[in-house]
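The values are calculated or read from the model by the stated rules, or taken from the named source; none is laboratory data. All values derive from a computational prediction rather than experimental measurement. Using ideal geometry, Cβ is built from the backbone for each residue, glycine included, and neighbour counts are taken over all protein chains shown.
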Amino acid sequence: SSSPDGFAELRLPENVSLVAHKLAAPATQNWLVEQVKAQRRVRDTKQVKVEGVIASAAAEDATRGVGLEVNGRIVARQKVAVRAGGRASVRFEGFDAGYGFAKCALVLEEEDGLAADNRMWFAVERSDPQAIWFAGPARSALYLKSALEAAEGDSYTLEQMDAGAAPPERYHFAILADAAVPSSEENRWKEWVERGGSLLIALGPQSVRLGHVPVVGDLLDGTAFASMGAERYWSLGEADSAHPLIEKAGRWEGVRFYQTVRVKPARLHVVARLSSGDPILLEGKAGNGTIVVFASTMDGLSNDFPLAPGWVPFVVQAAAKLSGQETAVRQEPAGTAMSLKSDGPAAAAEVFDPAGKRALTLGDTARGKMVELDRSGLWEVRTGGQRAEMVAVNVDRRESRLEPIDDEVLSLWQGKAQAGESGKQARQEQSKRAFGLIALALALLAALMEVLLAARTPRLDGAAVVTNEGMGKAA
């Protein structure tokens, strides 16, 4: 929030007054759909589990009807008892829907004091498992496949291929696990990435023989062995903790690296380094595509990452990020402006509002325009060469509490309490100034008396001394 830390910084000028108008009676009752949780992508919508939270902002207990809406039709209903000011849970399992996005909402069927929060939108995409093009040793494939099987909704299948040929257009995501890419095929791989393909590269001995990162071209500086130094292994060192491949994988806690490939970053930027200082995770863009480089193998020999707790979330998150599923369905609050951030030609997109009308054209997004999400519902983003995205826009639930503002808080906004406080502070300041003047006058008086006393006191050095004979001698 951009609100200042102290309320005093919001103080209105003395020539401004704030007049409050009551828009709701104190007895206004409201219930709301506070939260919805459901899988974003499934193979069969009969497997979908929808969990919701119904909250009360009312002073009395009530029983509310809750409906599950799919593509404009209520497909299931429940009754739920909600205590005054409390919460209750609801759960729906499975519904029928075709391939693509199912536009869904959890709906409170009775009217109350605020209709805008009686419905919460979300979307579920039904699709077949996404095929991942894979080239590398069988040992790496085993670890990757085991991790991908833990992904939500049986989302991926790993297909063993040969790095000697670039993936066909139907593949959006490929993994090169220390696979040798012939120099004659590198241009085809680059073209595939630039057209929107995403690539995860794991480096090993085959990559070192090539001399550079496959497809990317950044140079390699040989292999580093932890056993040849003072340490027996390296762990994760400096890293971008907010990056999903670091944050959601528990910062690779407990992972030991024994052998890595040294990368000289040029087109790639470093996401994480080892305790040795060498880059271990790098990322870059090529046209419409994304490339992530892991500077070690995925076979459990050069490191023990595949045996660590962070391995499964690392692989699943990498697959979601590089396959486009990470942003296929997302949530945004109503009233905000949505930016379609991307690099290169992929920035051009069309945006359609909940009524199906075009809210933003390809030209608008290419010029960097943003779209204002001015109504609740499901907004669709169609990006050239990429998968469609669905954005669920809902009213911020913090606006659902209709209790009148407390008089004490209102008086702060109106400046009444501030005026009293200001008067008190003014009196205190006046008292401080008066005390200061008195102290200054006393100090001046003391200095003046000291000067007068010094003038009347005879000096001893050079003064006359009277002897018994009455004669003065110079002392």
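Values for this structure:
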{"item": "Which listed residue is modelled with pLDDT of 95 or more and of a type in the set (S, T, N, Q), from Ser207, Ser296", "result": "Ser296"}
{"item": "Identity of the residue in the range 210-235, farther than 25 Å from Ala179 by Cβ and of a type outside the set (Phe, Trp, Tyr), that ends up modelled with the highest pLDDT", "result": "Ser235"}
{"item": "The range 370-382, subset farther than 13 Å from Ala355 by Cα and within 22 Å of the chain's Cα centre (by Cα), residue modelled with the lowest pLDDT", "result": "Met370"}
{"item": "Residue match in the range 149-167 (condition: touching a residue at least 40 places away in the same chain (Cβ under 8 Å), among the hydrophobic types (A, V, I, L, M, F, W, C) and within 19 Å of Ala318 (Cα to Cα))", "result": "yes"}
{"item": "So Glu238, is it out of contact with any Phe, Trp or Tyr (no Cβ under 8 Å at 6 or more places or on another chain) and within 20 Å of Asp304 (Cβ to Cβ)", "result": "no"}
{"item": "Qualifying residue in the range 92-105 (condition: of a type outside the set (Gly, Ala, Ser) and in contact with a Gly (Cβ under 6 Å, 6 or more places away or on another chain))", "result": "no"}
{"item": "Check on Glu194, free of Cβ contacts under 8 Å to residues at least 24 places away in the same chain, surrounded by 14 or more Cβ atoms within 10 Å (Cβ to Cβ) and either among the basic types (Lys, Arg) or under 22 Å from Ile132 (Cα atoms) (or both)", "result": "no"}
{"item": "Members of the range 41-60 that are in contact with a Phe, Trp or Tyr (Cβ under 8 Å, 6 or more places away or on another chain) and over 15 Å from Ala88 (Cα atoms)", "result": "Thr45, Lys46, Val48, Lys49"}
{"item": "Residues of the range 143-183 classified as touching a Gly at 6+ places or on another chain (Cβ under 9 Å) and outside any strand (DSSP E or B), total", "result": "13"}
{"item": "Some residue of the range 99-114 being surrounded by 21 or more Cβ atoms within 10 Å (Cβ to Cβ), of a type in the set (Val, Ile, Thr) and either in the same structural domain as Trp189 (by TED's automatic domain parsing) or touching a residue at least 24 places away in the same chain (Cβ under 8 Å) (or both)", "result": "no"}
{"item": "Odd one out for Trp252, checked against (1) at pLDDT 95 or above; (2) under 26 Å from Gly197 (Cβ atoms)", "result": "(2)"}
{"item": "Residue satisfying all of: in the range 269-293; of a type in the set (Gly, Ala, Ser) and farther than 18 Å from Ala320 by Cβ; modelled with the lowest pLDDT among these", "result": "Gly287"}
{"item": "Matching entry among Val216, Val270, Val261 (being under 29 Å from the mean Cα position of the chain (by Cα), assigned to a strand (DSSP E or B) and assigned by TED's automatic domain parsing to the domain that holds Ala179)", "result": "Val270"}
{"item": "Residue satisfying condition, being within 30 Å of Trp413 (Cβ to Cβ) and at pLDDT below 95, within set Arg40, Arg11", "result": "Arg11"}
{"item": "Members of the range 57-79 found to be crowded, with 20+ Cβ neighbours inside 10 Å and part of a loop (DSSP other than H, G, I, E, B), listed by number", "result": "Ala57, Ala58"}
{"item": "Any hit, the range 225-238, residues being under 30 Å from Asn187 (Cα atoms) and in a strand (DSSP E or B)", "result": "no"}
{"item": "Number of the exception - Met298 against (1) hydrophobic (A, V, I, L, M, F, W, C); (2) closer than 20 Å to Phe225 by Cβ; (3) part of a strand (DSSP E or B)", "result": "(3)"}
{"item": "Only listed residue being part of a strand (DSSP E or B), of a type outside the set (Phe, Trp, Tyr) and at positive phi, chosen from Gly222, Gly284", "result": "Gly222"}
{"item": "Residues that are of a type outside the set (A, V, I, L, M, F, W, C) and out of contact with any Asp or Glu (no Cβ under 8 Å at 6 or more places or on another chain), drawn from the range 259-276", "result": "Gln259"}
{"item": "Qualifying residue in the range 315-327 (condition: part of a strand (DSSP E or B) and at pLDDT 95 or above)", "result": "no"}
{"item": "Which numbered condition Thr290 misses (of (1) within 20 Å of Ala174 (Cα to Cα); (2) free of Cβ contacts under 8 Å to residues at least 60 places away in the same chain; (3) in contact with a Lys or Arg (Cβ under 9 Å, 6 or more places away or on another chain))", "result": "(2)"}
{"item": "Residue check, Val50 part of a strand (DSSP E or B), surrounded by 18 or more Cβ atoms within 10 Å (Cβ to Cβ), assigned by TED's automatic domain parsing to the domain that holds Glu111 and not small (Gly, Ala, Ser)", "result": "yes"}
